[in-house]
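Input: a single structure, listed below in structure tokens.
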Amino acid sequence: SEKNLLAQYEKKCENRKSLASSHNWLPETREILKELCKNFDAAKGDNGAYFLAMESAFLDYCAGDMAKAEERYRSIITSDKWQSRWYPYFRLGEICLALEKVEDALVAFDQCEEHMTEREAGTELNQYLAKDHYLAKIGLAYSYWSLGKEFLPTVIDKMEEAKSEITAYLEQDSLAEEEKDEKIGLKFSVANNLCYYYLELWIDTPDSSEV
């Protein structure tokens, strides 16, 4: 049944990190997804179709077929039904960076940020939204950095925005215990990124009063 197939697929994905190195993981996971696509009832709505499209792109990425993954993500974001969803733009940005299409990545991350802001307007910031916003900002910062040293001030602006958003979240008193476990890692990530980019700016412009 569709429910059993979905449970099998979820289990495969949960074990991806430990099993992906085996020769069987990808073809077995693709076979389950293929069966899911065959058994999918389109009458149940767009969310199921969106899930299947995103997972197909993800498995292309897992297979190292970046060109195919890019093609699928572009197909998703040009769909009238899904073009307002932010996550496909984020994944497209990551794929474009892997393909060294820096300007395309910049556009994708920028659109990701735009759609994220629109879709989540008025939504209370939580663990997942805070991390999503932070990762989108990091993607933008890295894309600008890849364009050249003249973009370092913009890179730092994006990282400072990322710092502001994630810090505001991490300082909330209502953090659950499991969220607190991530706190040190996220703070280290912020400090590491900012130190790196500020150091680059200082090396490039050692006399600048901004550094």
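No lab work stands behind these numbers, since they all come straight from the coordinates. As the structure is a prediction and not an experimental result, all values here were calculated from the model.
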Rounded to one decimal in Å, the inverse mean reciprocal Cα-Cα distance for segment 45-169, i.e. its Kirkwood radius, is 15.0 Å
Short version: ³J(HN,Hα) in whole Hz for each residue of segment 60-67, in order, from phi by Karplus 6.51 cos²θ - 1.76 cosθ + 1.60 (θ = phi - 60°), x for Gly and Pro, what are they?
4, 4, 4, 7, x, 8, 5, 5
Too-long pairs where the Cα-Cα distance tops 18 Å, listed order kept, from Lys81/Lys158; Lys3/Lys68; Lys163/Lys183; Lys158/Lys187; Lys131/Lys163; Lys38/Lys68
Lys81/Lys158; Lys3/Lys68; Lys38/Lys68
